[in-house]
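First comes the structure, then the notes that go with it.
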Amino acid sequence: MTRKLFGTDGVRGRANSYPMTAEMALRLGAAAGRYFRRDGSRAHRVVIGKDTRLSGYMLENALTAGFTSTGMNVLLLGPVPTPAVGLLTPSMRADVGVMISASHNPAEDNGIKFFGPDGFKLSDEAELEIEALVAAEIQPAQAQNIGRAKRIDDGRFRYVERVKGTFPQGLTLDGLKVVIDCANGAAYRAAPEVLWELGAEVIAIGVTPDGRNINAGVGSTAPEAAAAKIRETGADVGICLDGDADRVILLDETGAVADGDQIMALFAQRWAAEGRLKGQTLAATVMSNLGLERFLDARGLRLHRTPVGDRYVVEAMRTHGLNLGGEQSGHIVMTDYATTGDGLIAGLQFLAEMVRTGQPASALSRSFETVPQLLRNVRFAAGQAPLEAPAVQAAIAAGEARLNGQGRLLIRKSGTEPLIRVMAEAEDEALMVAVVEEIVGAVEAAC
């Protein structure tokens with residue numbers, strides 16, 4: 001049985017359209033409440049956080065109704081980063097955590113992510129069971145057992161203190177001028193607070209959410225705004241978060257971008273030198289650049305590749321006892337500190353390296369030379385399956401044959417958007433471009 005509701009990062013879609021409707025959110029809340037409700041005398045709890053999207057109000061209320069209908073007590077955190085939900089779920093002795101967010105997607109989209117009582121995202125098996133409950137008749141609680149809901153005022157404060165605790169003792173950010181771009185999203189208050197309290201001179205952008213401007217021309221998917229602010233103010237470094245602050249893109253003092261691969265390379269090398277890198281291995285997805293793999297190999301370290309999605313990176317890390325992993329897109333997972341990707345913690349670790357070494361961001365954010373890589377996205381309509389078209393399959397086979405021994409080809413359906421992602425990697429850029437264009441043309445013709 002395959003998942004129909006859940007993608008690579010929860011349930012996601014256009015707000016007020018299937019599956020992101022109030023009705024479906026209510027059913028998901030009721031199904032998850034029934035799935036996580038445990039036997040015993042203590043009350044059953046769920047913590048719910050959200051980003052700054054307008055539709056978050058609708059989905060928050062619907063989820064609350066679903067959970068309370070099955071006897072769960074709901075603790076509402078308000079706008080907090082996704083990793084805050086991962087941290088606070090076990091801290092507040094909750095049975096389940098929920099984050100309402102579509103991450104880096106535009107404001108019109110939204111999503112629902114679930115965390116287990118240990119603070120980690122759910123397994124495929126757990127999501128399948130919740131889907132089965134959604135499709136079934138969900139048994140409500142008896143009238144006297146209906147749950148309660150209340151708002152928690154100190155959720156952000158708890159998260160801020162936990163994040164500050166990950167910064168090395170004895171170091172401060174005194175003298176560093178930092179541009180922080182919060183994407184008008186969930187970290188618009190927490191991130192500037194953390195940086196200022198650690199001593200930085202903070203220049204904040206993307207901190208005026210209005211429900212409709214999340215990720216709009218700001219954040220990790222649009223680092224140009226932060227780069228311009230760096231050049232304007234003479235800042236030392238830029239930190240760009242996405243809408244729910246679980247991913248980060250770093251900018252050096254010139255405004256040049258360092259993606260997740262470069263950040264992971266720096267951390268892996270440093271942690272290995274300190275004896276902190278468990279298994280001498282970094283976990284990263286199939287999207288990570290071949291240059292990262294070569295960088296690790298040259299230092300006697302290993303790269304463990306996983307399917308795309310930070311939850312699969314975390315699953316591999318837990319299975320193999322690793323403590324560092326992530327994605328090229330900026331999810332950096334450090335299980336010594338958090339249960340999922342945390343853009344702010346990753347940014348702090350980079351700043352700590354700047355302070356410790358005295359080197360500028362440009363010297364720390366270029367650990368290896370990347371192998372040329374090209375990614376093209378093709379949007380398709382509901383009900384279409386372009387990857388199943390014979391012409392597309394033939395184009396993919398031809399591309400693989402042309403790249404044989406010279407590069408890498410990866411074609412996949414996005415788990416968060418209606419997109420086909422076509423990625424190729426090769427030293428021969430002309431060959432790489434030709435292969436990608438041929439496959440993209442075939443996919444577009446099949447849509």
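The values are calculated or read from the model by the stated rules, or taken from the named source; none is laboratory data. Since we're looking at a predicted model, the values are computed, not measured. Glycine also receives a Cβ, built like all others from the backbone with ideal geometry; neighbour counts cover every protein chain displayed. Please note that ligands, DNA and RNA were not included when accessible areas were found on the heavy atoms of the full protein model with its side chains. Shrake-Rupley method; radii C 1.70, N 1.55, O 1.52, S 1.80 Å.
Spin-label pair Asp118-Thr254: with each label point 7 Å from Cα along the Cα-Cβ axis, the two points sit 4.4 nm from one another.
Between Tyr57 and Gln393, the simple spin-label model (points 7 angstrom out along Cα→Cβ) gives 4.9 nm. The count of lysine pairs in the chain with alpha-carbon distances below 14 Å, taking only pairs 8 or more places apart or on different chains, stands at 4. Potential lengthening of the chain between Ala385 and Glu232 amounts to 50.4 nm, from the contour at 0.36 nm per residue minus the alpha-carbon distance. Shape class for region 178-232, computed from the alpha carbon gyration tensor (a ≥ b ≥ c): oblate, with a/c not under 1.5 and a/b at or below b/c. Quantify how much of the Cα-Cα distance distribution of region 81-193 extends past 24 Å, in percent. Here the tail beyond 24 Å accounts for 43 percent of pairs.
Qualifying GluC sites (Glu not before Pro) in region 328-434, where qualification requires a DSSP coil assignment and no more than 14 other C-beta atoms within 10 Å, comprise Glu369, Glu427. Would you mind classifying region 215-316 by shape? Square roots of the alpha carbon gyration tensor eigenvalues, ordered a ≥ b ≥ c; an a/c under 1.5 is rounded, otherwise it is prolate if a/b is larger than b/c and oblate if not. Judged from the Cα gyration tensor, region 215-316 comes out prolate (a/c at least 1.5, a/b above b/c). When the chain is treated as a Gaussian network with alpha carbon springs shorter than 10 Å, the biggest mean-square fluctuation among Glu23, Glu137, Glu108 belongs to Glu137.
Farthest toward the positive end of the dipole of the chain, out of His44, Leu419, Thr208, is the Cα of His44, where the dipole comes from beta carbon charges about the Cα centre. Dividing the helix sum by the residues of the chain, where each DSSP H run of 4 or more adds -39500 (n - 2.57), gives a mean residue ellipticity at 222 nm of -11500 deg cm²/dmol. Over region 316-403, the fraction of Cα-Cα pairs per 5 Å bin, rounded to whole percents and listed from the shortest bin up, is 3, 9, 12, 13, 13, 13, 12, 11, 8, 4, 1, 0.
Using only alpha-carbon positions in region 256-320, the gyration tensor eigenvalues give semi-axes of 17, 16, 11 Å once each is multiplied by 5 and square-rooted (largest first).
Residue-normalised convex hull volume from the C-alpha trace of region 1-160: 106 Å³ per residue. Rounded to the nearest 20 debye, the dipole size of region 243-400 about its Cα centre is 280 debye, using +1 on the Cβ of Lys and Arg and -1 on the Cβ of Asp and Glu. Surface composition of the chain: carbon plus sulfur atoms hold 49% of the accessible area, using a 1.4 angstrom probe and ignoring ligands, DNA and RNA.
A Förster radius of 25 Å, combined with the Cβ-Cβ distance separating Ser91 from Trp196, puts the computed FRET efficiency at roughly 0.55.
Most tightly packed first, judged by the mean number of other beta-carbon atoms within 10 Å of their residues, the peptides 50-61, 431-442, 182-193 read 182-193, 50-61, 431-442. When Rg and the Kirkwood Rh are both derived from Cα coordinates, the Rg/Rh ratio for the chain amounts to 0.97. Once Rg and the Kirkwood radius are both taken over the C-alpha atoms of region 386-447, their ratio Rg/Rh works out to 0.96. With all pairs of separate Cα atoms included, region 338-447 yields a Kirkwood hydrodynamic radius of 16.5 Å.
Coordinate range of the alpha-carbon atoms in region 147-202 per principal axis, descending: 49, 27, 12 Å.
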